[in-house]
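Readers should treat all values here as calculations from the given coordinates under stated rules, not as data from a laboratory. Predicted model, so just to flag it, every value in this text is computed and none were measured. Cβ placement follows ideal geometry from the backbone for every residue including glycine, while neighbour counts extend to all protein chains displayed.
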Amino acid sequence: MSSLNHWPLCRPLLWISALVAALLALAPCAQAAVKIEGTRLIYFGQFKEASINIVNQSPSELVVQSWVTRDNDDATQAVPFAVVQPLVRLDAQQHHLLRILYAGEGLPGDVESMFLLNVMEIPLKPETADSVQFAVRQRLKLFYRPPGLAGSSSEAVQQLVWSRTDAQSVTVTNPSAFHLSLVDVQSDSGGQVQALEDYVLLKPGERKVFSTKAPISAGSQINFTEITDIGLQARHRAALK
């Protein structure tokens, strides 16, 4: 068995989630009342669960629905994860610990897997009699890290291979088993700095090519910021091969 299809807990109203997701696309931008205390969640495979705290910062009570989807955001695809209490009612300023369980099988043991944790808030009462309220959904990346996976994401950043594809393009290769999130990627050719990409997610074994506006010389430097496991930023500098 490669999924939680037989777990009643694993199907947190997926058809409702898909319907609401479609409605969300029609909703105007709204400020989230629920604060998620983290920007990503690492599920370490040696533990029975992963958790992250949320808090209702609004002055009113609301309902929060949480579920896990594939990284392509297809809520109809089964996943080997389940959220304990996928529907929870929160009073104003109330905290709640979202707990995610893994089926224990179905994912590769030699490489990280990425999913999306969806957190959707549903107001219970309209602000005024004639007001219209919309559900607000937030998403953050959920990385499943198998037990016994050698190395760390911070070490994997040092293994990135940056090379000059041609005079106006740069290739980065991630040979590691980890997902790496980079921001503010720049090239520096003797003081001539060019922005290459604002945000890059490199999956295990993935290679990406960036185009430059001006020619870039061999021996240039690449500057970038790593988003760590706990959401902090670490600046790096690498030589372009």
Order 102-113, 204-215, 174-185 from most to least packed using the mean count of other Cβ atoms within 10 Å. 174-185, 102-113, 204-215
Quick one: 3J(HN,Hα) in Hz for the range 43-57, Karplus 6.51/-1.76/1.60 with θ = phi - 60°, rounded, Gly and Pro as x. 9, 7, x, 6, 9, 7, 7, 10, 9, 8, 8, 10, 9, 7, 8
For Met120, Met114, what ranking results if the residue with the fewest other Cβ atoms within 10 Å of its Cβ goes first? Met114, Met120
The correct pair for the range 153-239, radius of gyration to one decimal and Dmax as a whole number, both in Å and from Cα atoms, is 12.2, 36
Run the numbers on the range 122-233 and let me know its relative contact order in percent, using alpha-carbon pairs under 8 Å that are six or more apart. 24 percent
Under 5 Å, built H, 5+ apart or other chain: amide partners of Val136: Glu121
Going by average Cβ density within 10 Å per residue, which order do the peptides 154-164, 227-237 take, highest to lowest? 154-164, 227-237
